[in-house]
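The values are calculated or read from the model by the stated rules, or taken from the named source; none is laboratory data. Note that this is a predicted model, so its numbers are computed, not measured. Cβ: placed from backbone, ideal geometry, glycine included. Neighbour counts: every protein chain shown. Remember, those area values only see protein heavy atoms, side chains included, never the ligands or the DNA or RNA. Shrake-Rupley method; radii C 1.70, N 1.55, O 1.52, S 1.80 Å.
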Amino acid sequence: MNIYTYILRRLLYIFPVIIGVSFLIFILFNVVCPDPTLIMLGKHATPEQMAMLRTELGLDRPLWVQYFDILKSAFTFDFGRSWNTKQEIFQMIKNGAIPSLTFTVPGFIFSTITSLSIAVVVAFYRGKFLDKFFVVICVSMMSISSLAYILFFQWFFAYKLGMFEISGYEDGFPYFIPYVILPIIIWIILSLGYDLRFYRTVMLDEIYQDYVRTARAKGLSERVILFKHVLKNAMIPVITYVVIQIPYLILGALLIENFFGIPGLGSLVVDAINSNDFGVLKAMSILTSLAFIFFNLLSDVLYTMVDPRVRLK
Amino acid sequence: MPSVLLTSIVVLFAITSCFKKDADFQGKELNIAVKAQVKGMDPIYSDDRYSSTEVARVYEGLLEYHYLKRPYQLQPNLAEAMPEVTDNGLTYTFKIRKGVLFHDDAAFPGGKGRELVAEDFVFSLKRLSDPKLLGNGWWTIDGKIKGLNEWREKYNKLPQTDYTEEIEGLRALDKYTLQFKLTKPFPQFLNVLAMPFASAVAKEVADKYGKELLNHPIGTGPFKIKNGVFRQSNRIEYLKNENYRKKTYPCEASEEFSKEYLKDCGKQLPLVDRLTSHIIEETQPRWLNFLKGKVDFVEPDKDNFEGALPTGNELSPDLKAKGIQLMISPYLDITYTALNMELDLFKNNKKLRQAMLLAYNVNESNKLFYNNTGIPAQSVIPPGLKGYSKDFQNEYRGAGKAEQIAKAKELLKEAGYPDGKGLPVITYNCTSTTDAKQIGEFFQKQMAQIGINISVIQNPWPRLQEKIKNRQVMTHGIAWGADYPDAENFLQLLYGPNRAPGANGSGYDNPVYNKMFEQVAVMQDSPERTALYEKMNKMIAEEIPWIFGVHRQNTGVVHGWVTNFVQTDFEPGRSAYLSIDVEKKKALLKGL
């Protein structure tokens, strides 16, 4: 099977997945959730207004019609207007995507490069002090909650030392940079522990393979073995790990965005949860699912480029 | 490696920090911290504190509250004077101010804002009533204006609303004269006209932007939004409206305001050149931004309260030294636990209700949940409103005294439940927040003292609302904030015909009280009305359909460079009166 046929087939698989995801979203928001009109109309809600609002939101239509609306929105991206703010949901998502990416992408790139590099080094010094030192650091970093990093860094580096902006955001390059430096640092610290532990395991798995022993027997230097052979062969799990994280970048980071006042998709989701804005939550659930489906496909395709032994079936 | 990375990031920061927009601005700028996301800027949807405050920077209505008078006093805003009201209280005739201009916008011919006319209010109130738009403020005029409900019902069934159709009770008699005819006397109608819902919107703007009007706020107000477009983000920037009509800072104030507040008497409003609303939802960054001087005033939250006000009513020496001032004033609100008065258990057992109020230690709850700043509620009307009596003490108001607990036990015995025996488990419903849970557990503990068994049930807010509306709760914890400064807004919470799904969540329905309410609701402000309010307040204090909580206080901390700052329950419109002492700010910032 050539790669195009494979991609086409995988794209076709998306349909049943979307049907299933839409159904779950429908059950959660349209069947299980309580009547949203009460919260939307607040303390002065009357039965007449609630009935009118249900009509406006389409909640008085048969359930199967409501389900097909959700399904349709997964293909058209027409999510209607927010139930809380009355803003166009697609526009809200578009507005939020860039601020999220301005700190998640640099954070992701820096953390991946850093952790991969350190992983190669600790794999080289496996079992020695440096390896143990980084393992301890990793576990310690992972054990601290993200909220603790955020609160401490914001208070200490931004407020006490005045090195960074406490919170806020400016649209446009380069104005946003002063506002995203601290969120980027926190993102890197939060990711480093998990990434480093994973990459170290991957490297060590490879290091004990037969071909490494063969390479050593042939007299290749440890450096050449690590960088030319081990690193390349470790790429499949690395790619899976990296690609599967991309949807999270687009989604932003709920806590970081909220604490640093970054008007990204993470804040959007937090606001939607706080205000029971089911319209936005449905849209974000659909887009998240689509992102995961797409990036899964991408990682499968990338395997074939990295490792010719992988055959598409 | 990480240190190299960190160093490079810091260097990058140093390089880029010079790229700050408007870093050289030297004028007067207000920086306001906003606690929640602003939904949009369409007056008909401005039903929360934050959106209505932002809306009122750009839009204006016929009336407003005097900035420096307490109790709150209405005064003309876009109206030339207070209206002429007929003796039967049914017809209100307003003269509109001449020469008031809308902000410039492409919606107007030549892009120049046109003059405001009476017809703009007719259009705006029809827009608020439009069944296709479902404005959140419809309740304010629902059933009040002759012909308006019929108009709404008619167009609810038709595909399009016709704004040209005349409505008997809502007419522009000429270019500058507006007349309202009410279905029945409603003295609070003037308060409704001071709410942002009733702001003037130009038809041309509404036609051009349609539903997107919420992102194109074009009003007559003291500020205009920068670039003319609102975008949901972390900040909203406003510029002074250079074409603002002649409106000056007041020269009169109530006694509680010092002479300092009249220093800007007669000065043209607004007093600042620009204003930025910073949306900062989390408490820590909001507080740190305040301490750094990035925002001009904040309300200290629970997490910062003890540090800022160690004694509860005085600033810490550290903050005082930085020139920060403390402003405290009561909110027009009440927290309470509503008892379901439709259940026989509560309905036919006043002694049980009295025992419960006596057993509830309000002082302890005030300490635990309101930093000891609340005012224990004796009944339903909060301080600051006519009908509230400072000296009135509810004899069943519990404060944790041993004799009160003993009396509560005695009352419970008389109610037929000695030591709580025979009483079912009483459920207490609240929202799913941590605070709500803690308040519920505190209530549980207080009632356990006299043998009443309480079970706390947490619900997501919509579920709780649904349960209250469907009468599926035995008791529930809730609060009410004033929509307008009139005791009627609180007393209606216990008016029988308002019971759920109306605002009367306890379902209290007393024919004597109902009759008094019907009488007082149509009375104009007078000593007789105040006396009746007091009588009803005392009646509720004795009837106890609620376990009264506290009237919360508004505690604000303000930087020394902000002048004319007052605490108010009706924040919309305040920003036009605030000013900044630029030199003082420069000096004080050095110490922060």
Of the options A:Ile207, A:Gly252, A:Ser167, report the single residue whose Cα projects farthest towards the positive end of the charge dipole of the protein assembly as shown (beta-carbon charges: Lys, Arg +1; Asp, Glu -1).
A:Ile207
Positions from segment B:420-464 whose accessible area shrinks by 10 Å² or more when the full protein complex is built, not the chain alone, probe 1.4 Å
B:Trp461, B:Pro462, B:Arg463
On average, how much accessible surface per residue is there in chain B, in Å², for a 1.4 Å probe, leaving out ligands, DNA and RNA?
41
Calculate the FRET efficiency for B:Leu101 and B:Ser254 from the Cβ-Cβ distance with a Förster distance of 30 Å, rounded to the nearest 0.05.
0.40
So, counting K/R as plus one and D/E as minus one, what does the shell of residues with Cβ under 14 Å around B:Met523 add up to?
-2
Placing +1 on each Lys and Arg Cβ and -1 on each Asp and Glu Cβ in the protein assembly as shown, then taking the dipole about the Cα centre, the residue among B:Ala202, A:Ile150, B:Gly398 whose Cα reaches farthest towards the positive end is A:Ile150
Any idea how far the Cα center of segment A:5-48 sits from the one of segment B:531-563, in Å?
43
Among A:Gly172, A:Gly279, A:Gly107, determine the one that fluctuates most according to a GNM of chain A built with springs between C-alpha atoms less than 10 Å apart.
A:Gly172
Treating the angle as unsigned and between 0 and 90°, give the value, to the nearest 10°, between the Cα long axis of helix A:278-306 and the longest Cα principal axis of chain A.
30
Keeping all protein chains in place, calculate the accessible area per residue for segment A:1-103 (probe 1.4 angstrom), answer in Å².
52
Modelled FRET efficiency - R0 41 Å, B:Glu395 with A:Thr46, Cβ distances, 0.05 increments
0.65
Counting only DSSP beta bridges with both residues in chain B, tell me the antiparallel percent, nearest 5.
75
Residues along segment B:224-246 losing 50 Å² or more of accessible surface when the other protein chains are present rather than the chain by itself (probe 1.4 Å):
B:Arg231, B:Gln232, B:Asn234, B:Arg235
Members of B:Lys95/B:Lys263; B:Lys184/B:Lys347; B:Lys98/B:Lys240; B:Lys69/B:Lys112; B:Lys263/B:Lys585; B:Lys69/B:Lys247 lying beyond 27 Å, as alpha-carbon distances in this model show
B:Lys95/B:Lys263; B:Lys184/B:Lys347; B:Lys69/B:Lys112
For chain A, what is the charge dipole size about the Cα centre, in debye to the nearest 20, if Lys and Arg each add +1 at the Cβ and Asp and Glu each add -1 at the Cβ?
1380
Across A:Phe278, A:Phe133, A:Phe110, the residue with the highest GNM fluctuation in chain A (Cα network, 10 Å cutoff) is A:Phe133
Once phi is turned into ³J(HN,Hα) by the Karplus curve 6.51 cos²θ - 1.76 cosθ + 1.60 with θ = phi - 60°, what whole-Hz value does each residue of segment B:223-238 show in order, with x for glycine and proline?
10, 10, 6, 4, 6, x, 10, 8, 10, 4, 8, 9, 7, 10, 10, 10
Output the 0 to 90 degree angle, nearest 10, between the alpha-carbon long axis of helix A:235-251 and the longest principal axis computed from the alpha carbons of chain A.
30
Along the charge dipole of chain B, pointing to its positive end and built from +1/-1 on Cβ of Lys, Arg, Asp and Glu, which listed residue (B:Leu291, B:Tyr45, B:Gly169) has its Cα farthest out?
B:Leu291
With θ set to phi - 60°, apply the Karplus curve 6.51 cos²θ - 1.76 cosθ + 1.60 along segment B:197-203 and write out the HN-Hα couplings as whole Hz, x wherever there is a Gly or Pro.
3, 8, 6, 7, 10, 7, 4
Restricting to Cα pairs below 8 Å that are 6+ residues apart, what does the relative contact order work out to for chain A? Please round to a whole percent.
27
Note to self: C-alpha centroids of segment B:485-530 and segment A:53-107 sit apart, in Å, by 41
At a 1.4 Å probe, what is the % contribution of carbon and sulfur to the accessible area of segment A:156-256?
62
Carbon and sulfur: what percent of segment A:3-76's accessible surface (1.4 Å probe)?
75
Total charge dipole magnitude, segment A:97-276, about the Cα centre, Cβ charges on Lys, Arg, Asp, Glu only, Debye to nearest 20:
1040
I want the antiparallel fraction of DSSP beta bridges within segment B:333-551, as a percent rounded to 5.
55
How big is the charge dipole of segment B:333-551 about its Cα centre, in debye rounded to the nearest 20, if each Lys and Arg gets +1 on its Cβ and each Asp and Glu gets -1 on its Cβ?
540
To the nearest 100 Å², how much accessible surface do chains A and B cover up together, summed over both, with a 1.4 Å probe?
5500
Given the -39500 (n - 2.57) contribution per DSSP H run of 4+ residues, what per-residue ellipticity at 222 nm results for the protein assembly as shown, rounded to the nearest 500 deg cm²/dmol?
-13500 deg cm²/dmol
Using a 1.4 Å probe over the heavy atoms of the protein chains, calculate the carbon and sulfur portion of the accessible area of chain B as a whole percent.
51
Given contacts defined as C-alpha pairs under 8 Å and at least six residues apart, what's the relative contact order of chain B, whole-number percent?
18
Just to be sure I understand: of the beta bridges DSSP finds with both ends in the protein assembly as shown, what percent are antiparallel, rounded to 5?
75
Nearest 10 degrees is fine. How inclined is helix A:3-26 to the longest principal axis of chain A, computing both from alpha carbons?
40
Mean-square fluctuation check for chain A, GNM, Cα pairs under 10 Å: which of A:Tyr303, A:Tyr211, A:Tyr194 is largest?
A:Tyr211
In whole angstrom, the spacing between the Cα centers of segment B:172-194 and segment A:166-224 equals 68
Quote the relative contact order of segment B:333-551 in percent (integer), defining contacts as alpha-carbon pairs under 8 Å separated by 6+ residues.
35
What are the residues whose amide H is under 5 Å from the amide H of B:Thr183, where those residues sit 5 or more places off or on another chain and H is modelled from the backbone?
B:Ile145, B:Lys146
Near the amide H of B:Asn554, under 5 Å away, which other amide H atoms are found, from residues 5 or more places off or on another chain, if H is placed in the peptide plane?
B:Ser329, B:Tyr331
